[in-house]
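Have a look at the structure below, then the notes.
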Amino acid sequence: MASAEQRAAGGASATGPAAGATGPAAGATGPGAGPLLQVEGLTVHFPIRQGIIIERRIGDVRAVDGISFSLARGETLGLVGESGCGKSTTGRAIVRLYEPTAGRVLFDGVDITTLDATGLRRMRRRMQMIFQDPYASLNPRMTAGGIIAEPLEIHRVGTPGERRERVRELLATVGLSPDYASRYPHEFSGGQRQRIGVARALALEPDLVVADEPISALDVSIQAQIINLLERLQGRLGLTYLFIAHDLSVVRHISDRIAVMYLGRIVELASSRDLNRTPLHPYSVALLSAVPIPDPAVEARRRRIILKGDVPSPAAPPPGCRFHTRCWLRERLGNPVECETIDPEFRSLATDHQVACHFAEKVDGSAEQLQAAGRGTGGGAPVVPGGGAPVVPGGSAAAAGGAPPGARAVPPPGASRPGE
Amino acid sequence: MALLSVEDLVVRFRTHEGTIHAVNGVSFELEEGERLGLVGESGCGKSVTNLAIIRLLPKPAGRIEGGRVRFDGQDLMALDEADIRDLRGREIAMIFQDPMTSLNPVLTIEEQMVETIQAHRKVGRDEARARAIELLETVGIAQAAERLRNFPHQFSGGMRQRVMIAMALALHPKLLIADEPTTALDVTIQAQVLELLRELTESSGTALILITHDLGVVAGMTQRINVMYAGYVVEMAPTGELFAHPSHPYTVGLLHSVPRVDEREGEELIPIEGRPPDMRQLPAGCAFAPRCAWRLERCWVENPPLRPLVEGTPIVTTGPQASHLIACHNPPTPDEAASGRPTRPGFSPAPAPPGLIDELSPRSNGVPGGLADLVEAIEAIEGPLSAFPSAAGLPLPPAEEGPDGER
């Protein structure tokens with residue numbers, strides 16, 4: 001999204017990130033080349049303890065269980081999934097708010113999971129977070145100016161006078177009056193607070209911004225303001241986003257690529273366009289089909305895939321494919337045994353389209369896949385009935401656009417999961 | 001005669017910080033078996049309207065200060081406390097957003113369901129229990145007999161909401177009011193619950209009022225929609241008609257401010273500027289005027305009434321032929337509604353007359369949001385942004401994003 005020139009210029013500014021100061025990057029690719037972020041086999045387990053005096057570890061919540069992806073400079077990767085799938089934990093482990101149990105997180109070539117406190121602090125300047133709840137994430141006893149200036153103070157950037165000036169700039173950048181610096185969080189509305197959260201995240205001119213459900217606490221009419229702000233700032237400042245959200249329509253809108261998570265794993269990773277046109281994992285298809293579309297004509301035509309039951313506990317994920325307990329495709333195929341016994345490989349099925357399903361080829365071109373994005377014809381598909389209303393062929397513009405379904409070439413499997 | 005008729009309902013809350021004008025003259029009707037959506041943002045009065053209908057407003061702050069509610073031939077405002085309690089649950093049932101707070105955490109599901117059934121029906125314990133099992137099975141809870149012995153915390157969010165639906169429909173009510181029933185749930189669980197809600201209301205002929213902020217949810221679930229803003233119904237139409245011809249600037253704004261999962265690539269969002277008004281001091285004119293891209297000068301001073309989109313047509317209040325009503329002095333044309341912006345040449349929204357409440361400054365708790373602030377704020381958002389250095393110390397590119405929603 002952002003041009004390379006803008007980014008380069010941003011890096012050259014007076015207080016830009018000191019690229020050379022990131023310590024010895026033993027053998028890793030030097031800063032500036034390659035992807036900004038590379039996550040390899042990231043695992044975060046939270047121990048479950050029992051006992052009051054003698055605490056015993058009786059198990060683990062396997063919140064994130066070996067996920068890998070990379071993030072190019074200036075790109076937005078959307079991380080989508082339902083509650084408990086590990087998307088927020090992933091975001092926090094990447095900036096090391098949580099200690100990863102295993103795996104590597106290479107930021108600009110440096111593995112941040114092994115950095116000491118000093119090295120980590122230096123790295124954190126370049127990666128910032130925006131949190132979900134603008135009511136809980138701002139200290140009510142600090143002024144907006146104090147909140148935005150705090151990262152500058154922690155990292156000892158500039159003189160007090162310069163910081164004040166910087167706060168005014170940042171407020172203007174996020175569309176607030178510079179004079180609001182002296183006001184307290186309770187004087188602002190939710191949308192304005194989230195703008196302050198964005199300004200704070202930008203204070204240190206980060207390269208990477210991890211936005212964890214940044215709009216889901218906001219009213220509908222305010223959400224678009226923040227989405228547009230984030231998009232515009234990305235273009236201007238060359239930011240790279242990891243955008244975490246449960247809402248597929250929002251993720252799709254803002255992301256270049258999307259990773260779908262289920263029970264601690266990435267089950268599908270593809271470009272935003274491919275994921276919405278031709279989702280290949282049965283869970284992605286179900287997730288997409290469950291998103292309501294504000295158009296009754298489309299809704300009447302669509303058939304939802306209603307998944308049975310709830311997400312299993314991440315403390316005891318099902319063996320084999322983690323989705324097999326709820327999978328509509330497995331049922332259709334007569335419950336093949338490998339779904340229950342073999343953990344599917346995360347494999348490439350098309351260019352830049354990876355999926356972890358033994359039978360992803362059966363999803364491609366299926367009625368469910370077409371239905372999910374609201375572009376199928378609705379006729380005769382043996383999907384769990386979700387319509388109820390009569391099928392209206394044609395209808396709205398949603399059916400328009402896109403290559404004819406099922407016309408995808410499936411290259412031979414080969415490229416496998418990186419770094420494992 | 002309609003099953004439910006609400007006429008000119010006015011609800012206020014008296015608080016230490018002033019009177020909140022929660023509902024300001026809302027009228028609508030509902031036929032038996034009809035499914036109506038109430039759409040709007042938090043604080044628009046959609047929940048309060050329904051709490052007022054079943055007389056569950058928090059006391060003593062919440063008061064019905066005007067209007068009439070008739071249900072099945074009865075005047076609900078005139079019923080005494082015992083009668084209205086009997087009516088609730090038996091004739092009108094409700095389910096709320098958070099099923100955890102609607103269920104008693106220290107009682108088993110069995111105790112709660114049996115109590116509900118016995119409160120309204122003269123049946124023995126065994127019979128009530130059998131009915132409870134049957135209901136849990138209807139809403140798709142496996143091993144219902146064993147699950148009855150569980151406490152609410154042993155159920156997941158989606159299952160708790162199923163239990164609530166089972167309890168709500170236990171007594172075959174004529175009307176079910178569902179207030180954001182799926183907002184706390186994940187999207188795949190939302191799909192399950194909505195499906196169930198539709199199936200059960202359809203098969204039993206129960207009328208449904210579905211309250212939500214999500215236009216996608218009402219699109220697939222309802223036959224008619226009321227769009228509410230600041231305690232007013234601003235647009236009212238059959239569901240298909242509303243989405244085909246959205247005609248109030250607020251409805252148009254809502255539709256353009258949410259991304260659609262089936263949108264075309266590169267589709268931009270057009271946010272609604274500003275934020276909802278302070279319900280303690282509503283503007284004198286149209287409540288939406290300060291945020292409206294179509295506002296005229298009169299919008300600042302004169303609150304438009306709800307009237308037919310096609311002037312002079314008779315008003316039909318219910319059914320598939322219900323009239324399309326809007327409260328707007330200057331409705332967007334169909335082309336403008338499709339593009340999300342006023343497109344008529346030379347039009348710009350009328351500036352606020354001097355002295356009106358400053359919409360862009362922070363909340364006015366003791367902070368005078370004067371006109372100087374307003375000017376500053378507008379400059380900060382709309383002004384020559386290139387004057388400010390960017391966060392990275394770069395001069396910002398001139399505002400080439402002219403059509404950008406944020407301006």
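Remarks
- Considered as a group, the residues in segment B:70-96 that are under 18 Å from B:Leu210 (Cα atoms) and touching a strand residue (DSSP E or B) at 6+ places or on another chain (Cβ under 6 Å) include one that is surrounded by the fewest Cβ atoms within 10 Å (Cβ to Cβ), and that residue is B:Phe96.
- Within segment A:184-203, residues that are facing another protein chain (nearest Cβ under 7 Å) have Cβ atoms under 7 Å from residues that are among the hydroxyl-bearing types (Ser, Thr, Tyr) and part of a helix (DSSP H, G or I) in these pairs: A:Leu202/A:Thr173, counting only partners at least 6 apart in sequence or on another chain.
- Each residue in segment A:332-358 was checked for being surrounded by 14 or more Cβ atoms within 10 Å (Cβ to Cβ) and not in a loop (DSSP other than H, G, I, E, B), and 11 of them qualify.
- Elements of type helices (runs of 4 or more DSSP H) contained in segment A:218-308, each with 3 or more residues being within 10 Å of chain B (Cβ to nearest Cβ) and of a type in the set (S, T, N, Q): A:220-237
- Listing of helices (runs of 4 or more DSSP H) fully contained in segment B:72-144 that carry 2 or more residues being assigned by TED's automatic domain parsing to the domain that holds B:Asp179 and at pLDDT 90 or above: B:81-90, B:109-120, B:125-138
- Residue match in segment B:256-264 (condition: in a loop (DSSP other than H, G, I, E, B), among the acidic types (Asp, Glu) and facing chain A (nearest Cβ under 8 Å)): yes
- Single match in A:Leu176, A:Leu229, A:Leu218 (criterion: at pLDDT 90 or above and either of a type outside the set (Asp, Glu) or within 19 Å of B:Glu268 (Cα to Cα) (or both)): A:Leu229
- Qualifying positions in segment B:37-57 - farther than 18 Å from B:Ile95 by Cβ and crowded, with 21+ Cβ neighbours inside 10 Å: B:Gly40, B:Cys44, B:Gly45
- Yes/no for B:Gln161 being closer than 28 Å to A:His246 by Cα, more than 11 Å from chain A (Cβ to nearest Cβ) and either among the aliphatic types (A, V, I, L, M) or outside any loop (DSSP other than H, G, I, E, B) (or both): yes
- Of all residues in segment B:81-120 being more than 28 Å from the chain's Cα centre (by Cα) and without any contact (Cβ under 8 Å) to a residue 12 or more places away in the chain, the one that is farthest from B:Ile177 (Cα to Cα): B:Glu111
- Residues that are outside any helix (DSSP H, G or I), of a type in the set (S, T, N, Q) and within 12 Å of another protein chain (Cβ to nearest Cβ) within segment A:137-176 comprise just one, A:Thr143.
- Taking the criterion of being surrounded by 24 or more Cβ atoms within 10 Å (Cβ to Cβ), of a type in the set (D, E, K, R) and more than 16 Å from the chain's Cα centre (by Cα), no residue of segment B:233-256 qualifies.
- A:Val311 buried (at least 24 other Cβ atoms within 10 Å of the Cβ) and of a type outside the set (Gly, Ala, Ser): no
- Yes/no for B:Glu137 being surrounded by fewer than 18 Cβ atoms within 10 Å (Cβ to Cβ) and within 23 Å of B:Gly205 (Cα to Cα): yes
- If you go through segment A:99-158 and keep only what is on the phi > 0 side of the Ramachandran plot and touching a strand residue (DSSP E or B) at 6+ places or on another chain (Cβ under 9 Å), you end up with A:Gly103, A:Asp108, A:Gly109.
- Which numbered condition B:Thr183 fails, given (1) more than 10 Å from every other protein chain (Cβ to nearest Cβ); (2) in a helix (DSSP H, G or I); (3) of a type outside the set (D, E, K, R); (4) under 30 Å from A:Met261 (Cα atoms): (2)
- Verdict on A:Arg96 being of a type in the set (D, E, K, R) and on the phi > 0 side of the Ramachandran plot: yes
- The single condition among (1) in the same structural domain as B:Glu110 (by TED's automatic domain parsing); (2) within 27 Å of B:Ile326 (Cβ to Cβ); (3) of a type in the set (A, V, I, L, M) that B:Val227 does not meet is (1).
- Looking across A:Pro214, A:Pro206, one residue alone is surrounded by fewer than 24 Cβ atoms within 10 Å (Cβ to Cβ), within 26 Å of A:Pro100 (Cα to Cα) and more than 9 Å from chain B (Cβ to nearest Cβ). It is A:Pro206.
- Test for B:Gly216: is it part of a helix (DSSP H, G or I) and within 14 Å of another protein chain (Cβ to nearest Cβ): yes
- The set of residues in segment B:278-308 being at pLDDT below 90 and among the hydrophobic types (A, V, I, L, M, F, W, C) consists of B:Met279, B:Leu282, B:Ala284.
- Filter result for A:Val105 (farther than 30 Å from A:Ile67 by Cα, of a type in the set (A, V, I, L, M) and touching a residue at least 24 places away in the same chain (Cβ under 8 Å)): no
- Residue match in segment B:266-277 (condition: small (Gly, Ala, Ser), modelled with pLDDT of 90 or more, assigned to a loop (DSSP other than H, G, I, E, B) and not assigned by TED's automatic domain parsing to the domain that holds B:Ala22): no
- Residue in segment A:318-334 that is closer than 17 Å to A:Lys87 by Cβ and among the acidic types (Asp, Glu) present: no
Rundown of residues vs (1) touching a strand residue (DSSP E or B) at 6+ places or on another chain (Cβ under 8 Å); (2) charged (D, E, K, R); (3) buried (at least 18 other Cβ atoms within 10 Å of the Cβ); (4) at pLDDT 95 or above, yes/no style:
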site	(1), (2), (3), (4)
B:Met1	no, no, no, no
B:Leu4	yes, no, yes, yes
B:Arg35	yes, yes, yes, yes
B:Lys59	no, yes, no, no
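- Among the residues of segment B:219-249, the one identified as within 8 Å of chain A (Cβ to nearest Cβ) and hydroxyl-bearing (Ser, Thr, Tyr) is B:Thr239.
The values are calculated or read from the model by the stated rules, or taken from the named source; none is laboratory data. Quick caveat: nothing in here was measured; it's all calculated off a predicted structure. Positions of Cβ are backbone-derived with ideal geometry, glycine not excepted, and every protein chain shown enters the neighbour counts.
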